[in-house]
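The values are calculated or read from the model by the stated rules, or taken from the named source; none is laboratory data. Since we're looking at a predicted model, the values are computed, not measured. Because the Cβ atoms are built from the backbone with ideal geometry, glycine has one as well, and the counts that use them run over all protein chains shown.
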Amino acid sequence: MKIIKIVIIRHSKCHFKDLYLFKLSPMKYFLTTLALTLVSITWSQQTNETIDIGGVTREYIQNLPVAFDPINESLPVVFCLHGLGSNAQVMTAIGFNQIGDTARFITIYPEGVVNTFGQASWSNGTLLASTAADFDFFNNLIDDMVLNYNADPSRIYFSGFSMGSIMSYKLACELNGRIAAIGTMSGTMSTEDVNNCVPTYLTPVIHFHGTIDPTVPYDSGALPSLSLVPETIEFWRNAHNCSVAYDSTQIPDIAADGLTVDRFVYQNCTPLNSLEFWRINGGEHDYFYEPVNDFTEAVEIWNFFSQWSHPNPESAGILSLGESPVQITPNPSLGIIDITVEKNDKLLIHSSIGKSVYSVDINSGLNTVDVSYLEPGVYMVQLKSRPTYSKRIVIQ
């Protein structure tokens, strides 16, 4: 069954709720919730998912583009990270799902873990960071996409709003070998990263920021552990060996929002055009989207991402038996699969609609299983001893 939801947005701004950073009036909060809860028409496959990371269950929302075919498609993956005190569901409303249907990419919306103040956060080196094993979380999610969905490992992208942007910068430093480009909205680099990040791969960056942002300040009054926008851009200008000069373009001022937008593309970067900054003059701590504003951030982020692929991405294989109770190779498979488990168990295979299609007793260690009689498609593998764990396999 396909569900259609229609968006009606009547508010002049679309704010993300970031509990630590700002407060909204009751009317703004109501209209914001309406705008971010309703999603425009979509035929995509959005599901709530979990993954075990060192014994901790982590949650995320996954959106597969319409008519996704993991056998014949190797698609990019866009990760979209929420702000402090927010959640993954909020981010599903910014437009990536709809763009992914036509541009052909998978979108993942991870859920942060609460910090000591009880706010959903990320382990990004700031004073309000969580202590979660986020690097393991993202490494495993990337592996899951590559191994189980045939995702293109050279086209893994991260974006985020506010605290999610700060985390995207952190990941460009810490998972530098796996991320092709980042797109950041209203969030700067932590001072820890400005001082210590040494990217081997020169991650392309596009950054959006309002000049009167009261939450993540633009060029004065920096918060503890956070850089200002000029410092963040200067870090990447130096990393990419760009000229001080840039090409400047003013985005057509069509929307009646009282804002103007300047786009800066830095010159002579390595690689060329790998650093962009969009300055929203008079903009606050908002998500900018058409027709309320002159542009839509998700659209421009994807336009930027689509130019880039990682020339030498680190291969999948981060998962270990200590984190994943079952390993399956090859995946995708022509029908003969090698399954490695830590102890004797019963293997269960279900179709994509949940129908049981196969079960067999397996021993600890390596087992070879013939499932060549199964129709090509996506299946779910489970262990009887771990009913909450599942792993996808593709039979070709």
Looking at this structure, is residue 72 modelled with pLDDT of 95 or more, out of contact with any Leu (no Cβ under 9 Å at 6 or more places or on another chain) and either assigned by TED's automatic domain parsing to the domain that holds residue 115 or of a type in the set (Lys, Arg) (or both)? no
Going through segment 118-129 one residue at a time, which ones are at negative phi, buried (at least 21 other Cβ atoms within 10 Å of the Cβ) and not in a strand (DSSP E or B)? 122, 124, 126, 128, 129
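Of everything in segment 235-259, what is surrounded by fewer than 17 Cβ atoms within 10 Å (Cβ to Cβ) and closer than 16 Å to residue 207 by Cα? Give them in sequence order.
238, 247, 248, 249, 250 - these are the residues of segment 235-259 that are surrounded by fewer than 17 Cβ atoms within 10 Å (Cβ to Cβ) and closer than 16 Å to residue 207 by Cα.
Every residue, every condition in (1) within 23 Å of the chain's Cα centre (by Cα); (2) outside the structural domain of residue 92 (by TED's automatic domain parsing); (3) crowded, with 20+ Cβ neighbours inside 10 Å, yes or no:
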{"position": "267", "(1), (2), (3)": "no, no, no"}
{"position": "270", "(1), (2), (3)": "no, no, no"}
{"position": "276", "(1), (2), (3)": "yes, no, yes"}
{"position": "281", "(1), (2), (3)": "no, no, no"}
{"position": "285", "(1), (2), (3)": "yes, no, yes"}
{"position": "290", "(1), (2), (3)": "yes, no, no"}
{"position": "293", "(1), (2), (3)": "no, no, yes"}
{"position": "297", "(1), (2), (3)": "yes, no, yes"}
{"position": "313", "(1), (2), (3)": "yes, yes, no"}
Being among the hydrophobic types (A, V, I, L, M, F, W, C) and either on the phi > 0 side of the Ramachandran plot or touching an Asp or Glu at 6+ places or on another chain (Cβ under 9 Å) (or both) is the filter here, so list the residues in segment 254-281 that pass it. 254, 255, 259, 261, 264, 265, 277, 278, 280
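Any idea which of 156, 142 is assigned by TED's automatic domain parsing to the domain that holds residue 197, under 15 Å from residue 302 (Cα atoms), crowded, with 22+ Cβ neighbours inside 10 Å and in contact with a Phe, Trp or Tyr (Cβ under 9 Å, 6 or more places away or on another chain)?
Exactly one of 156, 142 is assigned by TED's automatic domain parsing to the domain that holds residue 197, under 15 Å from residue 302 (Cα atoms), crowded, with 22+ Cβ neighbours inside 10 Å and in contact with a Phe, Trp or Tyr (Cβ under 9 Å, 6 or more places away or on another chain), namely 156.
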Give segment 352-372 a look and list any residue that's over 17 Å from residue 395 (Cβ atoms) and exposed (fewer than 14 other Cβ atoms within 10 Å of the Cβ), or say none. 361, 363, 364, 365, 366
Within the bounds of segment 59-67, is there any residue that is farther than 21 Å from residue 301 by Cβ, at pLDDT 95 or above, touching a strand residue (DSSP E or B) at 6+ places or on another chain (Cβ under 6 Å) and of a type outside the set (Ser, Thr, Tyr)? yes
Residue under evaluation residue 232, criteria (1) touching a Cys at 6+ places or on another chain (Cβ under 6 Å); (2) within 18 Å of residue 163 (Cα to Cα), criterion not met: (1)
Helices (runs of 4 or more DSSP H) wholly inside segment 150-268 containing at least 3 residues that are closer than 19 Å to residue 281 by Cβ: 229-239
Assess whether residue 240 counts as being assigned by TED's automatic domain parsing to the domain that holds residue 126 and touching a Cys at 6+ places or on another chain (Cβ under 7 Å). yes
Pairs needed: first member in segment 73-84, over 16 Å from residue 302 (Cβ atoms); second member anywhere, in a strand (DSSP E or B) and of a type in the set (Lys, Arg); C-beta distance under 8 Å; at least 6 residues apart or different chains. none
Residues of segment 41-56 satisfying the condition of being exposed (fewer than 15 other Cβ atoms within 10 Å of the Cβ) and in contact (Cβ under 8 Å) with a residue 24 or more places away in the chain: 41, 43, 50, 54, 56
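Given the options 318, 349, name the one that is surrounded by 12 or more Cβ atoms within 10 Å (Cβ to Cβ) and modelled with pLDDT of 80 or more. So that I can check it myself, show each step before the final result.
Numbers: 318 fails: modelled with pLDDT of 80 or more.
Step by step, each of 318, 349 is checked, and only 349 is surrounded by 12 or more Cβ atoms within 10 Å (Cβ to Cβ) and modelled with pLDDT of 80 or more.
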Within segment 77-89, track down each residue that is surrounded by 21 or more Cβ atoms within 10 Å (Cβ to Cβ) and more than 11 Å from the chain's Cα centre (by Cα). 83, 84, 85, 86
